[in-house]
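The values are calculated or read from the model by the stated rules, or taken from the named source; none is laboratory data. Since the structure is predicted, the reported quantities are computational estimates derived from the model, not experimental observations. Cβ sites come from the backbone with ideal geometry, for glycine too, and all protein chains shown count toward neighbours.
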Amino acid sequence: MSTSNERLPQSTPHLRVGLIGDPVIHSYSPRFQQAALDAVGIPAHYELWHTPALQLVERVRSLCEGNCLGANVTIPHKEAVLPLVDHVDPLAERIGAINTIVHRDDYLYGYNTDAPGLLHALAEHGIGQLSYDGKVSLEGYTAILLGAGGAARGAAFALTEARVTRLIILNRHLERAQLLAAEVQQSYDGPVFSLSDPTFLIPHASSIIINATSLGMHEDASPLPAEVLGRFNTDTFVYDMIYNPTQTHMLIQARTMGLRAANGLSMLLHQGALSFELWTGMAAPLAIMRAALAL
Ligand code: NAP
């Protein structure tokens with residue numbers, strides 16, 4: 001089958017795109033990306049490319065092969081691929097991490113779709129205003145960002161790009177929160193606070209609490225003590241970037257307290273949809289991708 005999109009190589013029947021990381025075996029991406037490619041009739045296979053650090057340069061170079069559309073990049077290579085591509089999108093540059101590589105006209109372009117993916121997910125849950133050009137505004141909201149690792153970096157830049165009214169970064173190691181706060185403050189003139197002790201958190205109206213730590217993935221624990229979560233009123237939205245397990249300790253606690261809450265599957269969906277659009281130049285079939293994730 002041929003595709004009508006001139007962004008895609010026309011001569012090669014079997015196109016490839018895949019996920020670069022270590023490990024990759026547990027990824028949900030093949031599930032919904034393959035469903036999307038099949039749905040729009042692009043004869044491409046979404047593959048899992050397990051890549052130890054020593055093979056990263058060779059792997060990225062292989063994306064320049066004629067039949068390759070590009071790749072997703074996951075842990076632990078999102079930062080390391082930055083110097084390996086030809087062009088880095090300004091947002092990815094500011095975040096310091098790439099999760100999507102596009103192969104176009106013999107060049108490799110690096111993007112970060114985790115950040116806008118989070119904003120699209122929040123908009124889907126009724127948080128913020130999504131405009132016709134795909135931009136989300138979070139004016140009037142206070143964001144409490146838990147974590148200062150890779151995912152939190154993307155979130156911090158996304159939230160400030162969306163003009164959140166106030167950003168509070170809470171991380172176990174205070175110096176990482178302070179460093180991230182100082183970095184986002186360079187391109188954002190609103191207030192940014194850093195904390196390591198959650199007991200100092202003061203609730204604000206229209207708060208969004210975002211867990212970007214890995215706490216809750218492997219243990220029945222939450223980065224926010226119940227008594228701190230209990231201070232927030234019912235217009236608070238709690239978002240846990242963790243999607244496996246689908247119900248974390250923090251989400252269960254939030255829902256028990258009557259707060260609206262969601263897990264990270266919606267962010268996974270939207271970052272993937274944006275990657276799909278960058279590789280193919282076509283609108284992502286969101287309903288099909290969503291169904292493939294059983295969302
Ligand atoms: P990372 O770079 O390793 O950062 C881990 C963060 O978790 C750091 O802020 C770390 O704090 C904190 N942390 C780890 N263990 C902790 C503990 N026991 N108590 C308190 N804080 C702890 O990881 P990442 O790449 O940012 O990923 C974070 C999470 O986001 C993962 O669960 C990942 O699956 C999820 N994620 C989801 C999506 C999605 O599409 N839904 C996308 C990206 C990531 P310190 O700095 O103090 O060590």
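Selection of region 249-295 for residues being of a type in the set (Ser, Thr, Tyr) and within 18 Å of the chain's Cα centre (by Cα) yields Ser266, Ser275. Annotation note: of Ala158, Ala123, Ala97, Ala92, the sole residue that is within 16 Å of Gln271 (Cβ to Cβ), in a helix (DSSP H, G or I) and not assigned by TED's automatic domain parsing to the domain that holds Ala212 is Ala92. The residue list Leu293, Leu268, Leu278 contains one member that is near the ligand (Cβ under 9 Å from one of its atoms) and either more than 20 Å from Gly150 (Cβ to Cβ) or at pLDDT 95 or above (or both), which is Leu268. The set of residues in region 199-240 that are within 15 Å of the ligand (Cβ to nearest atom) and either polar (S, T, N, Q) or not assigned by TED's automatic domain parsing to the domain that holds Gly128 (or both) comprises Thr199, Asn211, Thr213, Ser214, Ser222. In region 86-110, the residues that are under 13 Å from Leu63 (Cβ atoms) and touching a residue at least 12 places away in the same chain (Cβ under 8 Å) reach residues that are within 16 Å of the ligand (Cβ to nearest atom) and charged (D, E, K, R) with C-beta atoms within less than 7 angstrom, at least six apart or across chains, in these pairs: Ile98/Lys78. For region 178-198, does any single residue satisfy the condition of being in the same structural domain as Glu227 (by TED's automatic domain parsing), within 23 Å of Ser266 (Cβ to Cβ) and in a strand (DSSP E or B)? Checked against the condition, which is being in the same structural domain as Glu227 (by TED's automatic domain parsing), within 23 Å of Ser266 (Cβ to Cβ) and in a strand (DSSP E or B), region 178-198 yields no hits at all. Selection within region 137-151: residues that are surrounded by 23 or more Cβ atoms within 10 Å (Cβ to Cβ) and under 15 Å from the mean Cα position of the chain (by Cα). The member of this set that is farthest from the ligand (Cβ to nearest atom) is Leu145.
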